[in-house]
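The values are calculated or read from the model by the stated rules, or taken from the named source; none is laboratory data. Keep in mind that what you see is a predicted model, and the values were worked out from it rather than measured. Here the Cβ is made from the backbone with ideal geometry for all residues, glycine too, and neighbour counts use every protein chain on show.
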Amino acid sequence: MNRIVALPRKLLDVLRAEVRAASWFAALGEPLTEGDRGDAMAYLAALGFDVLEIGLARDWPDAERLLKAPDWAPAWWDREEALRLTLLAEAEARYPERALWSSLTELTIETGDLVHGKAATAATRMGKAAAASIHVAAGAASQAVYQLALARLAGQPASPFESKFRLYAAGRWPLGVIDSRLILF
Amino acid sequence: MTDIVVKTVEELKDAPAEFREAVSKLVISHAINELYGAQVFDEPAIAYAPTPYAKWLTCRVAMEEYGHHVRFKQLGVQIGIPGERMVPGTGKKPLSIFEFPLKTWEEFVAIKLLADLAEILQVEDLLHCTFHPLRNLARATMPEERFHAQFGEDFSAELVKTPDGKARLQAAVDEYYPYLPSFFGGSKSKNNEIFRKWKIKQRTNDEMRQDFVIRATEVAGKYGLTLPEIRQAA
């Protein structure tokens, strides 16, 4: 039987500090490093995919084209979503529901404001980004932080959301699995 | 005597009781409706969005709507409203549109196109509010509300490119639009009378409703959509 305990403020404070220190969108389009590849492979393995190729989006128009492709394969999204729901259920069983939801909402909103600015800076620096794509990038990054918070609150250190966040923290934007390749921007 | 301006939360304590109560009612209403909107429409829409681009854009919209709730709730707490009065399920009846769970992506696009236009009108009316913390909050919220309405326009433009997409969007408009005019409240609303007396709000519910119908007809027409006949206000 689960016991409801107070929300671990320290855990959330640590995560907030990691979010502030991350190099959001600073390495978009840059050549991949071994570290990027390692985090990408760890993410795929934790999500249950066999080894896939790692691809690179060159610029914002390239990323937009990939993200808008109508024939995209939703398996990676669906696996993330199934895992999110499991983690949410685990977290809800541990912590008072209203406190949990309020904390996640506050964290996500704070993150959203931060990463929106970072995405706008990156888009201005690189050029050729559609205005809506800045919102898309902010939505993706905020979602990654929300997923990581859930994983940590649920006590799941081996979650794919850890390696996904590391990619963002290193300045990358994982765009998803497209044509049997995990595409990083 | 009703020409007062309240520049800070602290000054509100010295404002007439009717002014304070009117401000509280508005803040509660906005806090609850923003949360309903995020929970009933924006968050579920992520699953219906057709591509990662649309999904993450919808994520951002949902976060901003939750953010609006948080901002209004924070202001409410500052002026002494208990937090539990600013979340759904604590007495205030939800708007009828929130009783219909989202079923398709087209419904969400129609809601962003038209319901967020209604939200823009509500926020616009607060841009000259005599309670300045609420006026400032409206000004901070407005660019995001405009972005959400633009989201509705952008995806409407995509959907109407095919006859099937246009038919599905039109069906969604036909389903949801009739509920929107009541969003502006009754024609003889006592609350609205008090809001205007203190210049907390500027226009009558009927003036706003009429403006909404004109603007909704215009924006729907841009995408070859028509609006069904509307119900009378409550």
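Side notes on the structure shown:
- Residue among A:Gly117, A:Gly112 that alone is in a helix (DSSP H, G or I), free of Cβ contacts under 8 Å to residues at least 60 places away in the same chain and away from chain B (no Cβ under 12 Å): A:Gly117
- Of everything in the range B:141-152 that is in contact (Cβ under 8 Å) with a residue 60 or more places away in the chain and within 11 Å of chain A (Cβ to nearest Cβ), the residue that is farthest from B:Arg215 (Cα to Cα) is B:Glu144.
- Number of positions in the range B:22-72 that are free of Cβ contacts under 8 Å to residues at least 24 places away in the same chain and more than 12 Å from every other protein chain (Cβ to nearest Cβ): 0
- Selection of the range B:186-234 for residues being touching a residue at least 40 places away in the same chain (Cβ under 8 Å) and among the β-branched types (Val, Ile, Thr) yields B:Ile194, B:Ile200, B:Val219, B:Thr226, B:Ile230.
- Among the residues making up the range B:183-224, those that are part of a helix (DSSP H, G or I) and of a type in the set (A, V, I, L, M) are B:Ile194, B:Met208, B:Val213, B:Ile214, B:Ala216, B:Val219, B:Ala220.
- Residue-level analysis places A:Arg94 outside the set of residues that are more than 14 Å from the chain's Cα centre (by Cα) and at the interface with chain B (Cβ under 10 Å from one of its Cβ atoms).
- When A:Asp62 is tested against the conditions (1) more than 25 Å from A:Ala151 (Cβ to Cβ); (2) of a type outside the set (A, V, I, L, M); (3) away from chain B (no Cβ under 12 Å); (4) loosely packed, with under 15 Cβ neighbours inside 10 Å, the lone failure is (4).
Let's see how each residue does on (1) modelled with pLDDT of 95 or more; (2) not charged (D, E, K, R):
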site: A:Trp77; (1), (2): yes, yes
site: A:Arg98; (1), (2): no, no
site: A:Trp101; (1), (2): no, yes
site: A:Met126; (1), (2): yes, yes
site: A:Leu167; (1), (2): yes, yes
site: A:Ile178; (1), (2): no, yes
site: A:Arg181; (1), (2): no, no
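- A single entry from B:Ala47, B:Ala38 fulfils the requirement of being surrounded by fewer than 17 Cβ atoms within 10 Å (Cβ to Cβ) and of a type in the set (A, V, I, L, M): B:Ala47.
- Of everything in the range A:173-185 that is over 10 Å from A:Ala40 (Cα atoms) and of a type outside the set (Val, Ile, Thr), the residue that is surrounded by the fewest Cβ atoms within 10 Å (Cβ to Cβ) is A:Ser180.
- Number of the condition not met by A:His135 [criteria: (1) in a helix (DSSP H, G or I); (2) more than 19 Å from A:Gly29 (Cα to Cα)]: (2)
- Odd one out for A:Arg79, checked against (1) crowded, with 17+ Cβ neighbours inside 10 Å; (2) of a type outside the set (S, T, N, Q); (3) more than 21 Å from B:Tyr66 (Cβ to Cβ): (1)
One line per residue, one yes/no per condition, for (1) without any contact (Cβ under 8 Å) to a residue 40 or more places away in the chain; (2) closer than 22 Å to A:Val136 by Cα:
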position: A:Leu7; (1), (2): no, no
position: A:Ala22; (1), (2): no, yes
position: A:Asp50; (1), (2): yes, no
position: A:Trp60; (1), (2): no, yes
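- Boolean, B:Val87 is β-branched (Val, Ile, Thr), within 12 Å of another protein chain (Cβ to nearest Cβ) and over 30 Å from B:Glu11 (Cβ atoms): no
- Scanning the range B:142-166 for residues that are hydrophobic (A, V, I, L, M, F, W, C), out of contact with any Gly (no Cβ under 9 Å at 6 or more places or on another chain) and more than 25 Å from B:Glu99 (Cβ to Cβ) gives B:Met142, B:Phe147, B:Ala157.
- Any hit, the range B:119-139, residues being aromatic (Phe, Trp, Tyr), surrounded by 21 or more Cβ atoms within 10 Å (Cβ to Cβ), within 19 Å of B:Lys199 (Cα to Cα) and more than 11 Å from the chain's Cα centre (by Cα): yes
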